[in-house]
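Here's the structure we're looking at; comments come further down.
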Amino acid sequence: MTSPRTGPAAARRRFLPVLAAVAAALAFVPAVHAQQKVKVGLMLPYTGTFAQLGTAITNGFKLAVDEAGGRIAGREIEYVSLDDESDPAKAADNANRIVNRDKVDVLVGTVHSGVQAGMVKIARETGVLHIIPNAGLDAATGPLCAPNIFRTSFANGQVAYPMGKVLAERGVKNVVTLTWKYAAGDESVAGFKDAFTKGGGKILKELTLPFPNVEFQPLLTEIASLKPDAVYVFFAGGGAAKFLKDWQAAGLKGKIPLYGAGFLTDGILEATGDAAEGLETTLHYGDGIDTPRNRAFREAYRKAYKIDPDVYAVQGYDAGQLFVAGAKAVGGDLSKKREFIAAVEKMTIDSPRGKWTLSKAHNPVQDMYLRKVSGKENRVTGVATPALDYPPADRCKMGG
Ligand code: PHB
């Protein structure tokens, strides 16, 4: 005979509370998971000549997340921010710190192509999900492409190529180029030159100065003496504003036609007075894009930040849109990288700039607009090249 204290019924009685505890613990797991925040690393310039660009990208990213309710599948978002100072020498260490010490689920950044090279290196080594919201470093979606790396902005050559095409079609013959001497400047000039020389144009001279120097005077004197038909430049941020003011002060405005990648006149028109008036540039965004999508975005951005958005705000917003859509596709579990990647590769991003998709190299295939400065706006005057995939995605071998 079994006693009531040792028999199977007693064992069941003793086991029941254990079962209940396990069940309670299991029921608690999704709750704990839901409380764990999704960590987003923002590695961007918050000081120096590109400071305003980093802030606009951050604003845009957060706006997209807020519009999605500020949570992914019930999980809150935590931001870890780091000022990369646009300093390539610190880039790999900074990226390594934010990925391995702060353990972010996704690494977002940056603006400067030299810093980007360091971030891409760490993204390739660690496999962290990485979204590039500006830097045009051609190789990031070329020879250095990887399944976990996405760009929501442009490749440097992609923005410059259409400007070269437009000038060649207008019959412009001799051009001097001027830029900061670093990857973005070199690649911008190379993209411009590719289209311009194919169309019959000639580059008289390629002038440069080190990044982020703004001692333009001797270069302006040289340009005046070279007397080119036109000048093509790549500058951005605070440096672009200074360049335009110096160009006007040197008496070159209205004398030698000046063109550039659209960064020359984006986000700086408040600072340049009439120095930028009438300038034509090419870019994947313009202020006057008259679509309900763009109007709604501009209104929401202005309401949230009390300033008008620029191209950098749009790129940050689209980085936020890509992140939200990918994270939702994996139910907020960012460790499901393969599923995240498969989902965003198929997506069409409904951007204020117009709809775009990712190329095989994970760079936007997008229309490139011709714009003209009118007052405080970069007005779109036409599409310079539609749905441009440049440099061609076949330079990227995924996993290679
Ligand atoms: C870059 O370094 O790739 C870069 C920086 C600023 C811009 C555009 C490109 O506005």
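Any residue at all in region 59-70 that's within 15 Å of the ligand (Cβ to nearest atom) and under 23 Å from residue 328 (Cβ atoms)? Yes: one or more hits.
Tally the residues that are open to solvent by 60 Å² or more (accessible area, probe 1.4 Å) and either in a strand (DSSP E or B) or among the aliphatic types (A, V, I, L, M) (or both), restricting the search to region 388-398. Number of matching residues: 1. The residue that is farthest from the ligand (Cβ to nearest atom), counting only those in region 246-260 that are farther than 22 Å from residue 160 by Cα and not in a loop (DSSP other than H, G, I, E, B), is 249. Looking across region 354-366, the residues that are open to solvent by less than 60 Å² (accessible area, probe 1.4 Å), at negative phi and in contact with a Lys or Arg (Cβ under 9 Å, 6 or more places away or on another chain) come down to 357, 358, 361, 363, 364, 366. The set of residues in region 95-117 that are surrounded by 23 or more Cβ atoms within 10 Å (Cβ to Cβ), outside any loop (DSSP other than H, G, I, E, B) and within 16 Å of the ligand (Cβ to nearest atom) comprises 95, 108, 113, 115, 116. Of the residues making up region 260-296, those that are surrounded by fewer than 22 Cβ atoms within 10 Å (Cβ to Cβ) and either aromatic (Phe, Trp, Tyr) or on the phi > 0 side of the Ramachandran plot (or both) number 2.
Within region 215-235, not a single residue is within 14 Å of the ligand (Cβ to nearest atom), open to solvent by less than 50 Å² (accessible area, probe 1.4 Å) and assigned to a helix (DSSP H, G or I). In region 172-189, the residues that are in a loop (DSSP other than H, G, I, E, B) reach residues that are open to solvent by 10 Å² or more (accessible area, probe 1.4 Å) and near the ligand (Cβ under 10 Å from one of its atoms) with C-beta atoms within less than 7 angstrom, at least six apart or across chains, in these pairs: 181/211; 182/114; 182/211.
The values are calculated or read from the model by the stated rules, or taken from the named source; none is laboratory data. Please read these numbers as outputs of a predicted model, since none were measured by experiment. So basically every Cβ, Gly included, is an ideal-geometry build from the backbone, and we count neighbours across all protein chains shown. Heads up: the accessible areas ignore ligands, DNA and RNA and are worked out on the full protein's heavy atoms, side chains in. Shrake-Rupley method; radii C 1.70, N 1.55, O 1.52, S 1.80 Å.
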